[in-house]
Amino acid sequence: MVIPIETQSNALVLQTDEDKRLRTVYFGKRLRNTQEYALVESQNNQKDVNAGIYNHVYTPSGSWSLIEPALNITHADGNNSTELLYVAHEQKQEGNVTLTTVKLKDPVYATEVTLFYKVYAQEDVIEQWSEIKNTEKGAIVLQKYASANLYFKADNYYLTNYHAGWGREMRPEEMPLTNGIKVLDSKLGTRANIFEPPTFTLAFNKPSAEDEGEVLLGTLGWSGNFKIDFEIDSYHNLRLIPGINPHSSAYTLASNAVFKTPSFIYTVSHQGKGFASRNLHRWARKYRILDGNGTRLTLLNNWEATYFDFDQNKLTDLFKDGKKLGVDMFLLDDGWFANKYPRNDDTAGLGDWQENKKKLPDGIGYLIKEAEKTGIKFGIWLEPEMVNPKSELYEKHPDWVVKQAARPEHYFRNQLVLDLANPVVQEYVFGVVDNLFTKNPSLAFIKWDCNAVIFNAHSMYLQKSNQPQSQFYVDYVKGLYKVLERIRAKYPSVPMMLCSGGGGRVDYEALKYFTEFWPSDNTEPLERIFIQWNYSYYYPVIATCNHVTDWGKQPIKFRTDVAMMGKLGYDIVVSHLSPTDLQFSQQAVSNYNQIKATLWYGEQYRLVDPYMHPMASIMYVSEDKSKAVMFSYHTNYRFDLTDSPHAVPLKGLDANKRYRVQEINVYPGTTSTIDATKVYSGDFLMRVGLNPDVNEKRSSVVLTIEEVK
Ligand code: DGJ
């Protein structure tokens, strides 16, 4: 049996052997003649004793396989061996999307596994997950239960993964994979991404490049502990096994219950990372991110403007500032709640979601009305999964808190995590959001924060209900999704930002419920160019929130230009801006409104890589190629480095169209050096290029490139 799973450009081919084991025999460019997939194995000479041990489509453990498994089960009778043989498969196509399901079964135990391959053909994206069904009479325990198990053949493999920490999210490192196993993982519970996200790039044969070479961009849609194994086997083939981290997570599955793993989402390109990321962006907007092709609100956030020090009068003044700036919404951040233990700093109050009477005597409803009177919308910050020990919530419900009763409490930002494995806590967290909306139907936005990891992982609920503690990490995330599911059933479209003390939590399962995410608290604009650059391989502009703040020494123009390459927001004291800075900012917001459609729904092209050059340049092109925006920055201040001595060849335009280039975001009182009267062909702009004239004085330049008919 040969099962080809094809995207527009690629094919993943599965084939049964004489023992009915199903193997991955091909992953590469799609063949013209589908019949020839059956011939692939005839050309394979890797046939010593290990032949086929490595390329099982979902490697079981405890029987013939002695290598890193995808699945490890303890059966109802305590036996640890599993074998999976092919039973059946089917393919169902609906337009661009084809779902292939493959059923496997253990010949000895009544365990069934179904593998799912959802292909988004045009985008070259495959989403894979598996379902394990316990058809035994008693409960089984899943020790490892990966989402996928892929197999690649190439001369060499280069892995780009990201190391991180607060304020230093998404720092890339590209290394050749050597023999043995390399693991990316997180055991942090919530905020799983702080040190390492579940996103990576795998380049085949040679290191990854922007516009050429074979690369895979992959990511796991799971907001908790993950583990991704990259194993080079003795044939120098690569085994890739992404999934939930089995660390402390043995999962008991009752008779007849089904466990569905999270999705592993990936795209393979033969034209480098740029092409791959554009495919992923298009997929994410169309199929995954909530309202991915919808609209977004620009905003003024008060976090860095006031921190905890505000009251309703100060806020209503800030509404006026937001209006003056021209943004769509005011976002009230942390510090608005709790009375017995007021939230005046980060040591108290989390969990007590009632307006603080001193700061907000007239409540949220009043603020919303005032904002609306001023002509802007109103949004609010929440961190509903968390609790400060100094809170009424903690006093009333200590058993709702994740902790080990016999050990000292261990805090992250002075707080603890609520036990979302507990349905009563799920109800409570849903209620926090629901109450806000019920009382304030015109509340326009929620920033959902999550600032602590899980120490002392222990659920009182699981203990009391006689369920194994080893389910906790998984049940926490499932509990979170249940809450989000309910919120979205009742409030399908309110925009929500996923935030986790910066970028500690973003993935494509969470983004089913969120319209956008906060990539990092680090808004120092030079740093931010790099942070955004790296996120941009995996997440589209429309979901990436960037705020203009007072971080860094760069002028407001530089800070604004950088923040515009995403969903624009502000986190500054508008009244502290000089008249010309204010004038610039007002113009910038209005420019943003002109170009946002090109940024949000267009294609992104990375032109000049700041890791290799003293400048960065990125452009966005509308789908019909009639409009584009190019952002260029001076990124290296070493002596005698002239930034743009050469033209930068543009990408993604129509060679046959004619374009006019104009500079926008020109600081008041300065003059652009770009000749706006000239018209260039797309051919010229893509072959010769355009010099944005970036230098120390013109440290950031934004150009619009528009078709002239
Ligand atoms: C961390 C977030 O990343 C910040 O933007 C801000 O909302 C603070 N939390 C508030 O405590």
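Considering the conditions (1) within 16 Å of the ligand (Cβ to nearest atom); (2) crowded, with 21+ Cβ neighbours inside 10 Å; (3) closer than 27 Å to Leu318 by Cα, Trp551 is excluded by exactly one of them, (2).
Quick check on the range 399-416: of everything there that is of a type in the set (Lys, Arg) and open to solvent by 60 Å² or more (accessible area, probe 1.4 Å), which residue is nearest to the ligand (Cβ to nearest atom)?
Step by step, filter the range 399-416, then rank; the result is Arg413.
Of the residues making up the range 675-698, those that are at pLDDT 95 or above and crowded, with 20+ Cβ neighbours inside 10 Å number 5. Scanning the range 280-296 for residues that are crowded, with 22+ Cβ neighbours inside 10 Å and more than 17 Å from Glu509 (Cβ to Cβ), we see that the one that is farthest from the ligand (Cβ to nearest atom) is Arg282.
The strands (runs of 3 or more DSSP E) found wholly in the range 125-203 and carrying at least 2 residues that are under 15 Å from the mean Cα position of the chain (by Cα) occupy 157-163.
With the condition kept exactly as written, say whether any residue in the range 608-629 is surrounded by 22 or more Cβ atoms within 10 Å (Cβ to Cβ) and part of a loop (DSSP other than H, G, I, E, B). No; the residues of the range 608-629 include none that is surrounded by 22 or more Cβ atoms within 10 Å (Cβ to Cβ) and part of a loop (DSSP other than H, G, I, E, B). Does the range 185-208 contain any residue that is under 30 Å from Ser470 (Cβ atoms), out of contact with any Ser or Thr (no Cβ under 8 Å at 6 or more places or on another chain) and open to solvent by 20 Å² or more (accessible area, probe 1.4 Å)? Yes, that holds for at least one residue.
For the range 311-332, the set of residues classified as over 19 Å from Asn593 (Cα atoms) and open to solvent by 10 Å² or more (accessible area, probe 1.4 Å) consists of Asp311, Gln312, Asn313, Lys314, Thr316, Asp317, Leu318, Lys320, listed by residue number.
Residue selection: Ala597 satisfies the criterion of being out of contact with any helix residue (DSSP H, G or I) (no Cβ under 9 Å at 6 or more places or on another chain) and either modelled with pLDDT under 95 or outside any loop (DSSP other than H, G, I, E, B) (or both).
Conditions (1) within 16 Å of the ligand (Cβ to nearest atom); (2) surrounded by 21 or more Cβ atoms within 10 Å (Cβ to Cβ), marked per residue:
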residue: Phe337; (1), (2): yes, yes
residue: Asn344; (1), (2): yes, no
residue: Asp362; (1), (2): no, no
residue: Ala371; (1), (2): no, yes
residue: Met386; (1), (2): yes, yes
residue: His397; (1), (2): no, no
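If you go through the range 154-181 one residue at a time, how many are in contact (Cβ under 8 Å) with a residue 60 or more places away in the chain and either in contact with an Asp or Glu (Cβ under 8 Å, 6 or more places away or on another chain) or within 26 Å of Asn451 (Cα to Cα) (or both)? Here the count works out to 12. Only one entry in Leu443, Leu420 is closer than 15 Å to Pro495 by Cβ and away from the ligand (no atom under 16 Å from the Cβ), namely Leu443. In the range 457-476, the qualifying residues are those that are surrounded by fewer than 23 Cβ atoms within 10 Å (Cβ to Cβ) and part of a loop (DSSP other than H, G, I, E, B), and the one that is nearest to the ligand (Cβ to nearest atom) is Ala457. Each residue in the range 507-521 was checked for being open to solvent by less than 10 Å² (accessible area, probe 1.4 Å) and not hydroxyl-bearing (Ser, Thr, Tyr), and 7 of them qualify.
Contact map, the range 32-56: residues that are in the same structural domain as Asn72 (by TED's automatic domain parsing) and within 14 Å of Ile67 (Cβ to Cβ) paired with residues that are open to solvent by 90 Å² or more (accessible area, probe 1.4 Å) and part of a loop (DSSP other than H, G, I, E, B), Cβ distance under 8 Å, separation 6+ or inter-chain. Pairs shown: Ile53/Leu66. Pairs are defined by a Cβ separation below 8 Å, a sequence spacing of at least 6 or placement on different chains, a first member in the range 297-321 that is more than 15 Å from the ligand (Cβ to nearest atom), and a second member that is in a strand (DSSP E or B) and of a type in the set (Gly, Ala, Ser); the pairs so defined are Leu297/Gly379; Thr298/Gly569. Residue pairs whose Cβ atoms lie under 6 Å apart, separated by 6 or more positions or on different chains, with the first residue in the range 360-375 and touching a residue at least 40 places away in the same chain (Cβ under 8 Å) and the second among the polar types (S, T, N, Q), are Leu360/Gln312; Ile364/Asn440; Gly365/Asn440; Ile368/Asn440; Ile368/Ser442; Glu370/Thr316. Residue pairs whose Cβ atoms lie under 6 Å apart, separated by 6 or more positions or on different chains, with the first residue in the range 457-485 and under 21 Å from Lys187 (Cα atoms) and the second assigned to a helix (DSSP H, G or I) and open to solvent by 30 Å² or more (accessible area, probe 1.4 Å), are Met460/Asp399; Leu462/Gln469. Scanning the range 477-506 for residues that are open to solvent by less than 30 Å² (accessible area, probe 1.4 Å), more than 16 Å from the ligand (Cβ to nearest atom) and out of contact with any Asp or Glu (no Cβ under 9 Å at 6 or more places or on another chain) yields Leu484, Arg488, Val494. Of the numbered criteria (1) within 16 Å of the ligand (Cβ to nearest atom); (2) in a loop (DSSP other than H, G, I, E, B); (3) not β-branched (Val, Ile, Thr), the one Arg528 fails is (2). Condition (residue is at pLDDT below 95, open to solvent by less than 40 Å² (accessible area, probe 1.4 Å) and closer than 25 Å to Arg505 by Cα) applied to the range 155-164: is it met by at least one residue? Taking every residue of the range 155-164 in turn, at least one turns out to be at pLDDT below 95, open to solvent by less than 40 Å² (accessible area, probe 1.4 Å) and closer than 25 Å to Arg505 by Cα.
The values are calculated or read from the model by the stated rules, or taken from the named source; none is laboratory data. Quantities reported herein were computed from a predicted structural model and do not represent experimental measurements. So basically every Cβ, Gly included, is an ideal-geometry build from the backbone, and we count neighbours across all protein chains shown. Protein only, heavy atoms only, side chains kept; ligands, DNA and RNA dropped before computing areas. Shrake-Rupley method; radii C 1.70, N 1.55, O 1.52, S 1.80 Å.
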